[in-house]
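Here's the structure, in structure tokens; my notes come after.
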Amino acid sequence: MTRPEDLVTRLGRWSAGRGPLYLLLAGRIRRLIDDGELQPGTPLPPDRTLAAALAVGRTTVVSAYDLLAQEGKIVRRQGSGTKVAPAALRPERPADSANPLFMHLLEPLDKIVQLTCAAPNVMPAAVTEAYAKALSVEVTDDIGYHPLGYYELRAALADRFTARGLPTKPGQILVTTGAQQALALLARLFVAPGDRVVVETPTYPGALEAFRESTADFVPVPVGDADGLVRAMRARPAAVYVIPTHHNPTGSVMSTLTRQRLAAEAAELGVRLIEDEVLADLSFTDEAPLPVAAHGPAVTIGSLSKVVWGGLRIGWVRASESVIMQLARLKAVHDLGSNYIGQVAAVSLVSSLDALRADRVSALRAQHAQLCASLREHLPSWEFTPAAGGQSLWVRLPHGDAVSFAQLALRHGVAVLPGGSLDASGASKEFLRIPFLEPADVLAGAVVSLASAWREYNPGVPGDSLTTLVV
């Protein structure tokens with residue numbers, strides 16, 4: 001049977017339209033069947049189960065199922081449940097992601113406030129200036145294919161690592177189409193089907209999907225459990241993936257001692273240790289600690305997506321030269337090299353990254369303060385730890401299920417990411433990841449809408465006293 005949460009994810013923003021809910025629900029299920037995402041014979045969740053997951057009345061699901069049954073799209077039999085109707089079997093479709101993060105990206109733009117993808121939605125003027133400068137460069141005797149990346153950009157990134165205390169040569173840098181491609185290439189290189197990959201719980205959902213593409217077997221370790229990570233490493237997994245600085249989504253920062261322990265274990269055991277530094281520059285107070293790679297062998301991922309703008313699609317991997325060459329061969333097969341002009345422009349952006357970072361952090365600090373204040377005022381029973389950097393809060397609901405609440409929040413005009421989609425252990429179902437990237441007034445309005453949805457989710461239950469954890 002299709003798990004209710006999986007179907008809910010594939011339904012996307014099904015209720016963000018006009019008309020009765022049962023018609024909107026039937027329309028989206030119909031599309032999933034017609035597109036082949038729900039194959040003939042696939043069992044569908046029972047009425048009550050799906051209604052609970054969608055935060056709607058059972059009548060809505062029953063009416064939608066009845067309509068689809070009349071159309072011949074599904075079959076409902078007493079004692080046998082509900083299934084997609086038999087049909088001429090379609091060719092098997094390649095497995096695709098049902099992660100809510102990606103499903104929200106694939107949905108058309110609408111009036112929903114997007115609190116799902118944690119990335120800046122305003123392109124700084126510096127990007128326009130950098131592209132203007134790049135377009136003025138005369139290119140001769142160069143076809144523009146650089147699987148390793150534009151050399152000047154690799155050199156600029158190497159210099160930045162060196163200035164941070166991690167000596168790096170350009171040959172240790174691979175430029176990628178965003179950090180997501182970096183993860184995909186590393187998963188392809190390091191992980192074979194069935195290999196074990198150690199991940200923190202929760203963690204960045206894009207990383208989970210990259211490793212799932214390689215059919216990895218996850219070994220989940222709670223965030224902050226240094227001893228657990230070391231024990232998991234001693235079983236010699238294919239790879240260990242951590243986010244040491246301003247962890248996504250919890251915002252925690254790994255201690256220098258833990259970084260040293262992990263690097264030492266990786267060196268002794270020969271385990272591939274991958275550190276994700278995409279959020280490392282977004283500290284509200286002090287500079288980021290040294291990368292794990294400064295203490296021993298580790299592969300480091302970075303990106304301009306969070307400090308500058310995601311539309312640049314400029315990421316990188318720092319590793320040994322032998323690993324970089326292996327990754328470059330994989331990348332050459334995928335795309336022959338990332339966008340040339342974008343990389344030329346990125347050289348200027350990297351050179352002014354400290355100033356861009358200061359602007360970004362100033363805005364994030366103010367937006368973070370607004371989100372915290374609004375949550376305290378309107379949703380005092382929700383638990384969270386104020387962040388010391390990064391882009392999001394990890395918020396715990398006092399009761400209920402984040403998947404069903406997220407469905408109700410959509411109908412109040414706000415899209416939020418349920419915590420279960422960030423947790424390989426299957427836990428975190430009572431959590432939401434809420435980024436603070438929107439302007440302060442938008443965040444304030446979004447929290448008011450979430451509070452309205454919460455009251456509907458808990459009719460007759462008064463808000464309880466403030467329960468905010470203090471850093």
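The values are calculated or read from the model by the stated rules, or taken from the named source; none is laboratory data. What you see is a predicted model; the values in this text were computed from it and never measured. Using ideal geometry, Cβ is built from the backbone for each residue, glycine included, and neighbour counts are taken over all protein chains shown. The area values use the complete protein model at the heavy-atom level, side chains included, leaving out ligands, DNA and RNA. Shrake-Rupley method; radii C 1.70, N 1.55, O 1.52, S 1.80 Å.
Using the crude model of +1 on Lys and Arg Cβ and -1 on Asp and Glu Cβ, and no other charge, please compute the dipole size for the range 304-453 relative to its Cα centre, in debye to 20. Don't skip to the answer; put the middle values down first.
Numbers: 13 positive and 11 negative charges, 57 e Å.
That gives a dipole near 280 debye.
Leaving out ligands and nucleic acids, and using a 1.4 Å probe, what accessible area per residue does the range 397-441 come to in Å²? Intermediate values should be presented prior to the final figure.
Numbers: 1190 Å² over 45 residues.
Here the per-residue accessible area is 26 Å².
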- Once Rg/Rh (Cα atoms, Kirkwood Rh) is worked out from the coordinates, which option in [x] 1.27; [y] 0.98; [z] 0.96 does it equal? [y]
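Ignoring ligands, DNA and RNA, what percent of the 1.4 Å accessible area of the chain is carbon and sulfur?
Carbon and sulfur: 54 percent of the exposed surface of the chain.
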- Rounded if a/c under 1.5, otherwise prolate or oblate - the range 144-185, Cα gyration tensor axes: oblate
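Just to be sure I understand the rule: take each whole DSSP H helix in the chain, project its Cα atoms onto its long axis, keep it if the span is 27 Å or more and its mean Kyte-Doolittle hydropathy is at least -1.0. Which ones pass? All intermediate terms of the calculation are to be shown ahead of the outcome.
On the way: long enough: 353-378 (36 Å, -0.27).
What comes out of the filter, once short or polar helices are dropped, is 353-378.
So what is the accessible area of the range 98-253 per residue, in Å², with the probe set to 1.4 Å? Walk me through the numbers before you get to the answer.
Working: 6980 Å² over 156 residues.
Solvent-accessible surface per residue comes out at 45 Å².
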- Message: Rounded, prolate or oblate, given the Cα gyration tensor of the range 155-297, with a/c below 1.5 counting as rounded?
- Response: rounded
- Query: Sequence-distant or interchain residues sharing an amide H contact under 5 Å with PHE218, placed H: which?
  - Reply: VAL197
- Order these peptides, 138-151, 372-385, by their mean beta-carbon neighbour count within 10 angstrom, highest first. 372-385, 138-151
- Note on the range 373-424: alpha-carbon gyration tensor, axes a ≥ b ≥ c; rule is a/c under 1.5 for rounded, else prolate if a/b larger than b/c, else oblate; result oblate
- Task: Evaluate the distance, in nm, between pseudo-label points positioned 7 Å from the Cα of ASP359 and of ASN121 along their respective Cα→Cβ axes.
- Result: 2.0 nm
- Query: Counting each DSSP H run of 4 or more residues in the chain as -39500 (n - 2.57), what helix-only mean residue ellipticity at 222 nm follows after dividing by all residues, to the nearest 500 deg cm²/dmol?
  - Reply: -13000 deg cm²/dmol
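Listed highest first by mean packing, meaning other Cβ atoms within 10 Å per residue, what order do 279-287, 409-417 come in? Before the final figure, lay out the partial values.
Values: 279-287: 17.7, 409-417: 21.8.
Packing proxy ranking, top to bottom: 409-417, 279-287.
Please compute the per residue accessible area over the range 260-355 with all protein chains in place, 1.4 Å probe, rounded to a whole number of Å².
On the way: 3500 Å² over 96 residues.
The answer is 36 Å² per residue.
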- Report, largest value first, the span of the C-alpha coordinates of the range 242-322 along each principal axis, in whole Å. 38, 31, 19
